[in-house]
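A.B. asks: Handing you a structure now.
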Amino acid sequence: MSIKTGVIVLAHGSKVRTGNEGLFKIVEMLRTMGKWDMVEAGFLQLAKPGLKEVVEDLTGRGANRVVIMPLLLFSGNHVLKDIPEEIDIERKKYPEVEFCYAKNIGADERIAMIAADRIEEAVN
């Protein structure tokens, strides 16, 4: 059986619609890389779809591996507790599916470089 990988890029979510648009742009950028069979957006709260709905969608489209990528900067409750608990629930519902939990963004020199660019933009 071939492996069909679905990726869920998971963000916090916002009640403000424009606050969620960045996630959809990043998902589209990841799709254009062509590295995974499917890439979808999901939200922890305040916006839809949630993790449960995206897992259902991806598995319904044939994904037998689901990678959850938390698009969160630092490791707080969501990264350490909430998301792993939700993944465990989904594992029980879909025992035939391999679930992989990617590391969150974290402290990374590439983030510092983006921050430096934004600082320079502000002062120029």
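A.B. asks: At most 15 other Cβ atoms within 10 Å plus a DSSP loop assignment makes a site exposed; report the longest stretch of the chain without any exposed trypsin sites (Lys or Arg not before Pro).
C.D. replies: Answer from the scan: 62-102.
A.B. asks: Report, in degrees rounded to the nearest 10, the 0 to 90 angle that the Cα long axis of helix 21-33 makes with the longest principal axis of the chain.
C.D. replies: 70 degrees
A.B. asks: Compute the distance in nm between two label points, each set 7 Å from the Cα along the Cα-to-Cβ direction, one at Ala107 and one at Ser75.
C.D. replies: Placing both labels 7 Å beyond Cα along the Cβ direction yields 1.2 nm.
A.B. asks: Taking the Cα-to-Cβ direction at Asp117 and at Trp36 and moving 7 Å from each Cα, how far apart do the two end points lie in nm?
C.D. replies: 2.2 nm
A.B. asks: Which far-off residues, 5 or more places away or on another chain, put their amide H under 5 Å from the one on Trp36, with H placed in the peptide plane?
C.D. replies: none
A.B. asks: Convert each backbone phi in segment 57-73 into a coupling constant with the Karplus relation 6.51 cos²θ - 1.76 cosθ + 1.60 (shift: θ = phi - 60°), then list the ³J(HN,Hα) values in order as whole Hz, x for Gly and Pro.
C.D. replies: Result, rounded to whole Hz: 4, 5, 5, x, 8, x, 5, 10, 9, 10, 9, 9, 10, x, 7, 10, 5.
A.B. asks: For Val67, list long-range residues whose amide hydrogen, built 1.01 Å from N in the peptide plane, is under 5 Å from its own amide hydrogen.
C.D. replies: For Val67, whose amide H was placed from the backbone, the distant partners under 5 Å are Gly6, Val7, Ile8, Cys100.
A.B. asks: Tell me, what ³J(HN,Hα) does each residue in segment 47-54 have, in order and in whole Hz, if you take phi through Karplus 6.51 cos²θ - 1.76 cosθ + 1.60 with θ = phi - 60° and put x for Gly and Pro?
C.D. replies: For segment 47-54, the Karplus curve yields 8, 10, x, x, 4, 4, 5, 6 Hz.
A.B. asks: Across the chain, how many lysine pairs, 8 or more apart or on two chains, come within less than 14 Å at their alpha-carbon atoms? The partial results should precede the final answer.
C.D. replies: Numbers: Lys4/Lys35; Lys15/Lys48; Lys52/Lys92; Lys52/Lys93; Lys81/Lys103.
Value for the chain: 5.
A.B. asks: Per residue of the chain, what 222 nm ellipticity follows from adding -39500 (n - 2.57) for every DSSP H run with n ≥ 4, rounded to the nearest 500?
C.D. replies: Result for the chain, helices only: -12500 deg cm²/dmol.
Readers should treat all values here as calculations from the given coordinates under stated rules, not as data from a laboratory. Here the structure is a predicted model, which means the values were calculated and not measured. Heads up, the Cβs are rebuilt from the backbone with ideal geometry, glycines too, and the neighbour counts pull from every protein chain shown.
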